[in-house]
There are 2 protein chains.
Amino acid sequence: MQIKLDTPLDMHLHLRDEDMLKTVAPLSAKSFSGALIMPNLVPPVTTKEALLSYKDRIIDAIGDNEFTPYMTLFFKNNYSYEFLEDIKDDIIGIKLYPAGITTNSDGGVDNFDIETLRSTLEAMSRLDIPLCIHGESDGFVMDREKEFVPIYEELASSFPNLKIIMEHITTKDSVEALERHSNLYATITIHHLLITLDDVAGGMLNPHLFCKPIAKRYEDREALQRVALEANPKVMFGSDSAPHPQHAKESSHCSAGVFTSPIALQLLTQLFIDNNSSIENLQKFISSNAKDIYNISPKSKVITLEKKPFIVPNSYDNVIPMYASQTIDYSIIGIK
Amino acid sequence: MQIKLDTPLDMHLHLRDEDMLKTVAPLSAKSFSGALIMPNLVPPVTTKEALLSYKDRIIDAIGDNEFTPYMTLFFKNNYSYEFLEDIKDDIIGIKLYPAGITTNSDGGVDNFDIETLRSTLEAMSRLDIPLCIHGESDGFVMDREKEFVPIYEELASSFPNLKIIMEHITTKDSVEALERHSNLYATITIHHLLITLDDVAGGMLNPHLFCKPIAKRYEDREALQRVALEANPKVMFGSDSAPHPQHAKESSHCSAGVFTSPIALQLLTQLFIDNNSSIENLQKFISSNAKDIYNISPKSKVITLEKKPFIVPNSYDNVIPMYASQTIDYSIIGIK
């Protein structure tokens, strides 16, 4: 049986820059129609000039592939209405990082006082620019997302017309918050749909499955699977695919990030089929929900998959993917 | 101020075999009077011949140091009374591993039905041979020790004259169980007194702090610190120092184990002093409690420490210690 996925979108993607950009951009661009590009470069993307220049480098890197990079700015609480109005058409959203919470987030927000954030968030709300948030506190690693939920909820209540995307949610608590507020949405990664902390640290420690937020408990994974598999209109796929060179992962100081871009569609297909969901629901999770949430119309691209063993490469240049050297059940057999 | 520790004992130590034994045995033998040696070699130590031969290799490896290796057998539920009576004087205890729960534990126990274990445990009880247990279920990594507590308690109640040592406890739950049963005792490692899961996976992932049981929450560490710092007579120091070569730690499949032998006394001294406990309590935790629990009389050795910065070596041969290259506050300045 052939499975056709129309216009797949990855609504949370790290393409990095320079050599790494050249390695990973073509892999996403091959099987996705478009992706929301994260702005946590060094330095972060905070100006129109940096944004357009980064977009040019991405377009350069994707080669002949048909692919739309949906650009984002790195949130700063001093962005003015005028600045945002001017840049609005070049971005799909603005990404907020708590300071220091993940890779290249040092310039992020260190004070979630609503009044401090109000003028920028009100401007975004009026201009209909979605706010994407990495929602973690600086608490105990297993509690960070749960502890951030009250901030999500306060923001959602204080700015009812602002679309807030809870990025890469990993917990039951986030799923429940999502369902309580009409203006909260979420991305979910393929790895958080598949693994728990047991896969990271329950047997041998696996640095290639170490990411932020860290994978959680079985009941958390179950809550994520439920909203993904039922294609809840408030959730969409975002891989958070985050490449690091092998030496930065298999190290005494291992960086956070799982690299999944080249296998995400195959794994999602397997997940939806094995759990008796439908290709229709997968289509919503991988594309239509995102189109509705972000109000975008990417160019059509049809990916054909089939149940056929695919041996995941041991590496893509110097980046080790999730499930390296393992065999997964589905293969991409056509891209049109 | 000089701190003198009399006859320090490490009641849970992995010395491995062959080259690794030659690397690590002298390091323990230098600053400890003796140690309880774990039997999880490949194959595990299950016969008198293997035990005595391993003891000889250890004595060979420690060189000129004055050091007593207290040997243990790997628990099998078919050990007869006669076998145990014959080997009794050569061992200090028998170590029980649930099958597959940690490094080289495949031949361990896969059924904790009391009747299956009864004849061997009754023989041990009559012969006054302590039972040392790695107490973890095969459940979710953060729950494994908590889930094993009912088994500890059932064993303690079923064999009231059997001394049961809860090895390397990491949770508040174990501390509470320890306090409920007169025949439960415990070892505590220096790393579980110092770190939480945040140190392993809260920032960069640190494979050199990855061990089994995995480090837990702040409230767990607090419970461990409480019974250690008050020198509760039922707890004693056991480093669980578990060396692996660097390539097995900084790897896509990282082995479990933290290597602390050469810095354990320095870190314990710092911990007890910084937390306003006393050298008297440290003396109990590091020596007298173990002598009472195991009824042993190791030869005296006095280690003198001082508040003087010590830069932890980057490696000992190919083994990376905890806190490699970092500076700790106390140094060993004399061994007599």
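The values are calculated or read from the model by the stated rules, or taken from the named source; none is laboratory data. Here the structure is a predicted model, which is why all the values come from computation and not from measurement. Neighbour counts run over all protein chains shown; Cβ positions are idealised from the backbone, glycine included.
Things to note:
- Among the candidates B:Glu147, B:Glu179, the residue that is over 18 Å from the mean Cα position of the chain (by Cα), surrounded by fewer than 22 Cβ atoms within 10 Å (Cβ to Cβ), in a helix (DSSP H, G or I) and within 14 Å of another protein chain (Cβ to nearest Cβ) is uniquely B:Glu147.
- Of the residues screened, A:Leu184 is not one that is over 16 Å from A:Val235 (Cα atoms) and either at pLDDT 95 or above or buried (at least 24 other Cβ atoms within 10 Å of the Cβ) (or both).
- Only residues that are more than 19 Å from A:Glu136 (Cα to Cα) and either touching a helix residue (DSSP H, G or I) at 6+ places or on another chain (Cβ under 9 Å) or facing chain B (nearest Cβ under 8 Å) (or both) were counted in segment A:201-214, giving 7.
- Close pairs from segment B:78-92: first surrounded by fewer than 11 Cβ atoms within 10 Å (Cβ to Cβ), partner part of a helix (DSSP H, G or I), Cβ under 9 Å, at least 6 apart: B:Asn78/B:Ser119; B:Asn78/B:Thr120; B:Glu82/B:Ala123
Here's the yes/no breakdown for (1) within 20 Å of B:Val24 (Cα to Cα); (2) of a type in the set (Ser, Thr, Tyr); (3) at pLDDT 95 or above; (4) not in a strand (DSSP E or B):
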site: B:Leu268; (1), (2), (3), (4): yes, no, yes, yes
site: B:Glu280; (1), (2), (3), (4): no, no, yes, yes
site: B:Phe285; (1), (2), (3), (4): no, no, yes, yes
site: B:Ile293; (1), (2), (3), (4): no, no, yes, yes
site: B:Thr304; (1), (2), (3), (4): no, yes, yes, no
site: B:Pro309; (1), (2), (3), (4): no, no, yes, no
site: B:Pro321; (1), (2), (3), (4): yes, no, yes, yes
site: B:Ser325; (1), (2), (3), (4): yes, yes, yes, yes
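- Matching residues in segment B:95-128 - criterion: being over 18 Å from B:Thr187 (Cβ atoms), of a type in the set (Val, Ile, Thr) and within 21 Å of the chain's Cα centre (by Cα): B:Val109
- Failed condition for A:Ser297, given (1) more than 14 Å from chain B (Cβ to nearest Cβ); (2) in contact (Cβ under 8 Å) with a residue 40 or more places away in the chain; (3) in a loop (DSSP other than H, G, I, E, B): (2)
- Output for segment B:300-312, where each listed residue is surrounded by fewer than 18 Cβ atoms within 10 Å (Cβ to Cβ) and touching a residue at least 24 places away in the same chain (Cβ under 8 Å): B:Ser300, B:Val302, B:Thr304, B:Glu306, B:Lys307, B:Lys308
- Enumeration of residues in segment B:253-280 that are of a type in the set (S, T, N, Q) and away from every other protein chain (no Cβ under 12 Å): B:Thr260, B:Ser261, B:Gln266, B:Thr269, B:Gln270, B:Asn275, B:Asn276, B:Ser277, B:Ser278
- Members of segment A:56-86 that are over 30 Å from A:Glu115 (Cα atoms) and of a type outside the set (S, T, N, Q): A:Asp56, A:Arg57, A:Ile58, A:Ile59, A:Asp60, A:Ala61, A:Ile62, A:Gly63, A:Asp64, A:Glu66, A:Phe67, A:Pro69
- Residue count for segment A:215-252 under the criterion of being at the interface with another protein chain (Cβ under 10 Å from one of its Cβ atoms) and over 19 Å from A:Glu176 (Cα atoms): the result is 7.
- Selection from segment A:314-336 of residues that are surrounded by fewer than 18 Cβ atoms within 10 Å (Cβ to Cβ), within 14 Å of another protein chain (Cβ to nearest Cβ) and not small (Gly, Ala, Ser): A:Asn314, A:Asn318, A:Gln326
- Segment A:102-144, subset without any contact (Cβ under 8 Å) to a residue 24 or more places away in the chain and touching an Asp or Glu at 6+ places or on another chain (Cβ under 8 Å), residue surrounded by the most Cβ atoms within 10 Å (Cβ to Cβ): A:Phe140
- Wholly enclosed helices (runs of 4 or more DSSP H) of segment A:14-96 bearing at least 3 residues over 26 Å from A:Ile286 (Cβ atoms): A:48-61, A:81-87
- Applying a threshold of 8 Å to beta carbon distances and a minimum spacing of six or more residues, or different chains, the list of pairs starting in segment A:277-291 at a residue that is free of Cβ contacts under 8 Å to residues at least 40 places away in the same chain and ending at one that is among the aromatic types (Phe, Trp, Tyr) and in a helix (DSSP H, G or I) reads A:Ser278/A:Phe272.
- Residues in segment A:182-223 that are part of a helix (DSSP H, G or I) and closer than 30 Å to A:Asn295 by Cα: A:Ile190, A:His191, A:His192, A:Leu193, A:Leu194, A:Asp220, A:Arg221, A:Glu222, A:Ala223.
- Filtering segment A:182-200 to residues that are within 18 Å of A:Met142 (Cβ to Cβ) and more than 14 Å from chain B (Cβ to nearest Cβ) leaves A:Thr189, A:His191, A:His192.
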